[in-house]
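Single-structure report; data block below.
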Amino acid sequence: MVGPERPQYVLFGSSIVQFSFSNGGWGASLADLYARKADIILRGYSGWNSRGALEVLEKVFPKDAATQPSLVIVYFGGNDSMRAHPSGLGPQVPLPEYIENMRKIAIYLKQSLSDCTRVIFLSAPPVNEEKIRESFSWISGKFQDIRRTNHACHVYSEACLELCREMNVKAVDLWTAIQKRDDWATACFTDGIHFSSEGSKIVVEEISRVLKEADWEPSLYWESMPTEFGEDSPC
């Protein structure tokens with residue numbers, strides 16, 4: 001650990017999080033925005049769903065950690081929403097289980113960490129189904145029929161947002177926010193699923209809006225936070 005100690009913002013999720021420092025990603029943009037203000041920490045796991053997240057939650061966020069995060073941004077849903085495979089394999093999680101998994105994640109983060117730990121959930125974003133078919137045409141055999149659809153993402157997105165309203169958890173409706181852009185299907189993704197720099201800009205704008213509007217004390221919005229060693233340079 002290096003000092004001085006800064007607020008920690010942890011991004012916890014699947015590949016949308018793991019890849020968020022690539023291609024002008026939203027994680028990298030947050031790290032740039034919060035330079036000398038907060039540390040952005042990635043805990044992203046490609047291919048994971050809410051079931052897997054729940055199994056490792058206490059390892060990723062130990063209750064007895066000396067330093068607790070100031071903010072946790074959680075994203076699971078896209079993999080959960082994928083079509084079930086007859087073999088039972090694959091990342092799909094039935095909607096009722098997904099809702100309960102996300103509920104348990106929210107309860108743990110809100111009740112088991114610091115009283116000052118804040119939480120934001122990101123809902124499942126839309127996908128470009130045609131681009132996915134092009135990008136993942138190499139997949140064959142028994143997993144060929146495991147697919148992600150925009151409709152399913154919408155269903156899981158709405159379920160996540162409804163849960164957040166019920167539990168008073170801050171949320172970002174990515175499914176709607178991304179599609180406000182007319183050319184979203186071509187401009188916002190690298191492969192139909194993961195964000196391009198243009199898609200990531202929208203994610204950062206939406207997260208920033210939530211942080212600016214939240215009545216949290218202290219504020220976690222970048223413009224309201226002190227700059228480390230903010231006095232004039234001795235040089």
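State to the nearest 20 debye the size of the charge dipole of the chain about its Cα centre, where the only charges are +1 on K and R beta carbons and -1 on D and E beta carbons. Before the final figure, lay out the partial values.
Values: 24 positive and 31 negative charges, 122 e Å.
Dipole magnitude for the chain comes out near 580 debye.
Of the options [x] 13.5; [y] 17.8; [z] 14.3, only one is mean projected area of the Cα convex hull in nm² as computed from these coordinates, and that is [z].
Suppose we look only past 21 Å in the calculated P(r) of the stretch 1-107. What percent of the Cα-Cα pairs does that tail hold?
Details: 2352 of 5671 pairs.
Everything past 21 Å amounts to 41 percent.
Here the relative contact order of the chain, from alpha carbon pairs under 8 Å that lie six or more residues apart, stands at 21 percent. Could you look at the chain and say what percent of its accessible area is carbon and sulfur, using a 1.4 Å probe and all protein chains? It is 50 percent, rounded to a whole number. Of the residues ASN49, SER87, PRO234, the one whose Cα sits farthest towards the positive end of the charge dipole of the chain is SER87 (charges of +1 on Lys and Arg Cβ, -1 on Asp and Glu Cβ, taken about the Cα centre). Modelled spin labels at ARG147 and VAL2, positioned 7 Å past Cα toward Cβ, are 4.8 nm from each other.
Counting only DSSP beta bridges with both residues in the chain, the antiparallel share comes to about 5 percent.
For the chain, modelled as a Gaussian network with Cα springs under 10 Å, which listed residue fluctuates most, ALA65, ALA185, ALA31? Highest fluctuation of the listed residues: ALA65. Using a Gaussian network model of the chain with C-alpha springs under 10 Å, which one of ARG181, ARG147, ARG118 is most mobile by mean-square fluctuation? Looking only at ARG181, ARG147, ARG118, the largest GNM fluctuation is found for ARG181. Applying 1/(1 + (r/R0)^6) with r as the Cβ-Cβ distance of MET167 and GLU134 and R0 = 45 angstrom yields a FRET efficiency of 0.75. Protection proxy ranking of 36-42, 109-115, by the mean of other Cβ atoms within 10 Å over each peptide's residues and highest first, is 36-42, 109-115. What net charge is computed for the residues neighbouring TRP26, neighbours being all others with C-beta under 10 Å from the C-beta of TRP26, Lys and Arg scored +1, Asp and Glu -1? Once positives and negatives cancel, what remains is -1. Distance between the modelled labels on GLU205 and TYR108, one decimal in nanometres: 3.4 nm (7 Å Cα→Cβ projection).
The charge dipole of the stretch 7-128, taken about the Cα centre with unit charges on the Cβ atoms of Lys, Arg (+1) and Asp, Glu (-1), comes to about 100 debye, rounded to the nearest 20. Calculated FRET efficiency, SER87 to THR227, Cβ-Cβ distance, R0 = 41 Å: about 0.15 to the nearest 0.05.
Take peptides 207-217, 6-16 and line them up by average Cβ neighbours within 10 Å, highest first, as a rough protection proxy.
6-16, 207-217
Dipole size of the stretch 104-235 about its Cα centre, with +1 on Lys/Arg Cβ and -1 on Asp/Glu Cβ: approximately 640 debye, rounded to the nearest 20.
Could you tell me the center-to-center distance, by alpha carbons, between the stretch 188-212 and the stretch 78-102 in angstrom? If we compute the Cα centre of each part, the gap is 24 Å. Along the positive direction of the dipole of the chain (beta-carbon charges: Lys, Arg +1; Asp, Glu -1; about the Cα centre), which of ALA35, GLN18, LEU71 reaches farthest? Value: GLN18.
Here is what passes the span test in the chain: the DSSP H helices with alpha carbon length of 15 Å or more along the helix axis and a Kyte-Doolittle mean of -0.5 or above are 95-111, 150-167, 197-213. A Förster radius of 30 Å combined with the Cβ-Cβ distance from VAL60 to LYS180 puts the calculated FRET efficiency at roughly 0.40. Normalised per residue, the accessible area of the chain is 51 Å², obtained with a 1.4 Å probe and no contribution from ligands, DNA or RNA.
The values are calculated or read from the model by the stated rules, or taken from the named source; none is laboratory data. Quantities reported herein were computed from a predicted structural model and do not represent experimental measurements. Reconstructed Cβ throughout: ideal geometry from the backbone, glycine too, with neighbour counts over all protein chains shown. The area values use the complete protein model at the heavy-atom level, side chains included, leaving out ligands, DNA and RNA. Shrake-Rupley method; radii C 1.70, N 1.55, O 1.52, S 1.80 Å.
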